[in-house]
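The values are calculated or read from the model by the stated rules, or taken from the named source; none is laboratory data. On a predicted model such as this, the values are computed, not experimentally measured, just so you know. Ideal geometry is used to build each Cβ from the backbone, glycine not excepted, and the neighbour counts take in all protein chains shown.
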Amino acid sequence: MIKSRQRFLNGGYYQPLADALITAVNNCPLGFEQRLLDIGCGEGYYLQQLANAAKSSNTNLKLVGLDISKAGVRLAANRKLGAQLVVDSAYKIPLFDNSIDTALSVFSPICPDETARVLSADGLLMMVGPGEEHLTGLTAHIYEQHQPHGGNFNVLDEHPAFDLKEQIDVKTSITVKGPDILDLLTMTPYYWHTSAEQQEQVAALTLLTTPVHFSLRIYQRTSF
Ligand SMILES: C[S@@+](CC[C@H](N)C(=O)[O-])C[C@H]1O[C@@H](n2cnc3c(N)ncnc32)[C@H](O)[C@@H]1O
């Protein structure tokens, strides 16, 4: 799953989301001069994108990545980003209180209490989940009817430590080519809902055009 994700992401298909995150981080009061923690960083694609953007603007972005998958963190380490990386759980973040300016979570589990604890007062949480139309071109090959995934936003919307400041929807269409199509299926939870026959059908496609729709919600930590 992690290797499929790395091959697919390195193909640039989710660049519009990476660009939206770079803009959102740059728009923070501290700009790139801050400490950012990617919770559930996987193989480090978004850390890499942020490190590249900070380097081009000659700023000192301090990056920390955390993931429960040792294989994921190892691949992230191979990117040689100068980030601090750790194998641990989003539910037990091995950082001091108030030590992070911005937390990022892209399609990963989130623990509001732990995230609030490590964030500085007025720190931000950038949370990305699937929008309603996300990957409907792929799910059409799997389900009779598309059932949108709600994302993990509810736990934050109900938590007193977080105030929703902004929602940015990133929507576009991508055309995925050749073996990248099976990588896309393999890196999503849909893979576990497909039969071997459906996997073969998807793998046999040469082109797949699908909407991608990301919801980026920016929450501010409150002093509740
Ligand atoms: C869908 S992947 C997203 C990875 C990365 N954010 C990206 O978008 O490429 C979800 C990630 O969450 C990680 N994960 C799952 N449970 C976790 C937990 N309790 N604590 C930290 N990471 C976790 C997985 O190992 C995986 O890398």
Confirm whether Ser4 is surrounded by fewer than 17 Cβ atoms within 10 Å (Cβ to Cβ) and under 30 Å from Pro211 (Cα atoms). no
Where the second residue is of a type in the set (Phe, Trp, Tyr) and near the ligand (Cβ under 7 Å from one of its atoms) and the first is over 13 Å from Ala18 (Cβ atoms) and lies in segment 38-56, which pairs have Cβ atoms under 8 Å and are six or more apart or on separate chains? Gly40/Phe107
Restricting attention to segment 182-223, the residues that are part of a helix (DSSP H, G or I) and among the hydrophobic types (A, V, I, L, M, F, W, C) number exactly 8
Looking at segment 191-200, is at least one residue charged (D, E, K, R) and either farther than 20 Å from Pro16 by Cβ or under 17 Å from the mean Cα position of the chain (by Cα) (or both)? yes
Across segment 1-31, which residue is nearest to the ligand (Cβ to nearest atom) among those that are within 22 Å of Thr186 (Cβ to Cβ), assigned to a loop (DSSP other than H, G, I, E, B) and at pLDDT 95 or above? Tyr14
Here the qualifying pairs (Cβ atoms under 8 Å; residues six or more apart or on different chains; first in segment 150-179 and over 27 Å from Val202 (Cα atoms); second part of a strand (DSSP E or B) and polar (S, T, N, Q)) come out as Asn152/Ser105; Phe153/Ser215; Phe162/Gln220; Asp163/Gln220; Lys165/Gln220; Gln167/Ser215; Ile168/Ser215; Asp169/Ser215
Going by what's in this entry, would Ala140 be described as at pLDDT 95 or above and not aromatic (Phe, Trp, Tyr)? no
Take the residues in segment 117-133 that are within 16 Å of the ligand (Cβ to nearest atom) and of a type in the set (A, V, I, L, M); name whichever of them is farthest from Thr172 (Cα to Cα). Val118
Counting only residues in segment 74-103 that are surrounded by 15 or more Cβ atoms within 10 Å (Cβ to Cβ) and farther than 20 Å from Glu43 by Cβ, the one nearest to the ligand (Cβ to nearest atom) is identified as Leu95
For Thr136, are the conditions met, namely being of a type in the set (Val, Ile, Thr) and within 16 Å of the ligand (Cβ to nearest atom)? no
